[in-house]
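*Asks:* This is the structure, below, for whatever I ask next.
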Amino acid sequence: MIDPEVPVGKAEIFPDASEGKWEPPDYTMKQIYDAIPPHCFRPNTFLSLGYVLRDFAFVLMLGLAATQIPASLSRICVTLLGSPMLSFKDRLHWSLGAGSRMRTWRS
């Protein structure tokens with residue numbers, strides 16, 4: 001068991017990886033398939049159709065929810081989120097561009 005308190009590098013977890021000594025696992029695909037329960041391989045059309053219908057229902061609900069957002073709320077969100085970014089852009093432009101040129105004009 002790896003102690004979560006002690007930081008370790010990849011070389012300590014996978015010692016063979018750092019030395020370039022990697023070998024493929026010695027189990028076969030048949031052993032992997034045998035380890036999976038048989039009911040996982042049986043197709044179930046109704047269950048699959050249920051998953052597809054569930055996904056369509058989620059998409060429909062999200063689409064309906066998106067159309068119910070009032071325009072005033074979207075304007076408020078744009079104002080609240082857009083103004084700080086715009087002012088940051090303006091401050092950055094002033095400090096890197098226009099502000100540095102202004103200082104050279106004064107001297």
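The values are calculated or read from the model by the stated rules, or taken from the named source; none is laboratory data. As the structure is a prediction and not an experimental result, all values here were calculated from the model. Positions of Cβ are generated from backbone atoms using ideal geometry, with glycine treated the same way; all protein chains shown enter the neighbour counts.
*Asks:* Could you please find all residues in the stretch 29-78 being at pLDDT below 90, of a type in the set (S, T, N, Q) and exposed (fewer than 10 other Cβ atoms within 10 Å of the Cβ)?
*Replies:* Within the stretch 29-78, 67, 68, 72 meet the criteria.
*Asks:* Cβ-Cβ below 7 Å, separation at least six or inter-chain, first residue in the stretch 15-42 and acidic (Asp, Glu), second modelled with pLDDT under 80: which pairs?
*Replies:* Every condition considered, the pairs that remain are 16/22.
*Asks:* Further, regarding this structure: Of the numbered conditions (1) at pLDDT below 70; (2) of a type in the set (Phe, Trp, Tyr); (3) part of a loop (DSSP other than H, G, I, E, B), residue 22 satisfies every one except a single condition; which is it?
*Replies:* (1)
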